[in-house]
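Below: one structure, written as C-alpha cells.
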C-alpha cells in the first residue's frame, strides 16, 4: 500500500481516516512545517576557528570577538543537527503511518464497503431506463439526459472508491483483479472469458443490483482460485479478459 496515495484517496472519497492515522498525519504535517534552515553544517573545529580568527585579525591587527565567532559556528551546527533530526522524525513518522494504515485496513475496507453500498443505492434510485452510453443519452428526453449525467457523476465517485479499495489491498496477485468488485464468475464469450457484467456504465448498473463486494487481497485471490479450479475441471479457457 502506498500510504500517501491511500490518504489522498480517502480525502477524495470523503472517508474519515481512523484516529491513529489522523494523529500521525497531523504530526507529519507539523514536522514538515518546522524550518530548520539549510542542511547539515558541521561544527568548526579549533583549527578552522583559529584560521578564521587569524583572517579577521590580519587586516587591522584586531582580533574578532572569539566567543561570538564560536557561538555562530555552534548555532550553524545546531541548525544542521536540527535539520537532520527533523529528517529522521519525518522518516519515523512515515513508517508509523504505514503501520497505522495497515492496522486500519479492515476498518477502512468496511468504510469503503458502506460508501459503495450507499452509491449503489443512488444508482438504483435512477430511472430504470437510464442510458448507459452517451449515444443512448443524446436521443433521450431531458429527464433521461439528466439521469445519464447523474450516472456519470456516480461512476466518477465509484472509480475513486474502487481505486481506494485497490490501494488498501495492494499488493495483490494480478489474476485476482477480476474478482475485486464481484465474486460472480467470468462469462464465456467468443471462446474466451470476460468479466461478468460488461464494461463502463452498464457494468455499474449491473453491480448496483448486487451486494457490494469489497474483498481483502486473500479473499479476491481465493475467488479467483476457486473459479480457476472449476474452469480447469470443465476444461475451458482460464484467461480473463478485461
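Here, each number is a calculation from the coordinates, and none is a lab measurement. Because the structure is a prediction, the values reported are computed rather than measured.
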(request) Work out, in µm²/s and without decimals, the Stokes-Einstein translational diffusion coefficient of the chain at 20 °C, 1.002 mPa s, Rh from Kirkwood over C-alpha pairs. (result) 94
(request) Kindly express, to the nearest 10 degrees and within the range 0 to 90, the angle between helix 3-12's C-alpha long axis and the longest C-alpha principal axis of the chain. (result) 60
(request) Rounded, prolate or oblate: pick one for region 105-241, where a ≥ b ≥ c are the square roots of the eigenvalues of its C-alpha gyration tensor, a/c under 1.5 means rounded, and failing that, prolate if a/b is larger than b/c, else oblate. (result) oblate
(message) If you fit an axis through the alpha-carbon atoms of helix 66-103 and take the longest principal axis of the Cα set of the chain, what angle between them do you get, 0 to 90°, nearest 10?
(response) 20
(request) Please compute the Cα-Cα pair-distance distribution of region 30-115 with 5 Å bins starting at 0, giving whole percents from short to long. (result) 3, 12, 13, 12, 10, 9, 9, 7, 6, 5, 4, 3, 3, 2, 1, 0
(request) Once you have the Cα-Cα distance between residue 230 and residue 62, take 0.36 nm times their residue separation minus that, and quote the gain in nm to one decimal. (result) 51.2 nm
(message) Springs between alpha-carbon pairs under 10 angstrom, Gaussian network model over the chain: which of 178, 159, 29 fluctuates most?
(response) 29
(request) Pick out which of 214, 34, 130 has the largest mean-square fluctuation in a Gaussian network model of the chain, springs linking Cα atoms closer than 10 Å. (result) 34
(request) Mind pulling the angle between the C-alpha long axis of helix 142-169 and the longest principal axis of the chain? Nearest 10 degrees, somewhere in 0 to 90. (result) 60
(request) Please label the shape of region 1-64 as rounded, prolate or oblate, based on the square roots a ≥ b ≥ c of the eigenvalues of the alpha-carbon gyration tensor (a/c under 1.5 means rounded; beyond that, a/b larger than b/c means prolate, else oblate). (result) prolate
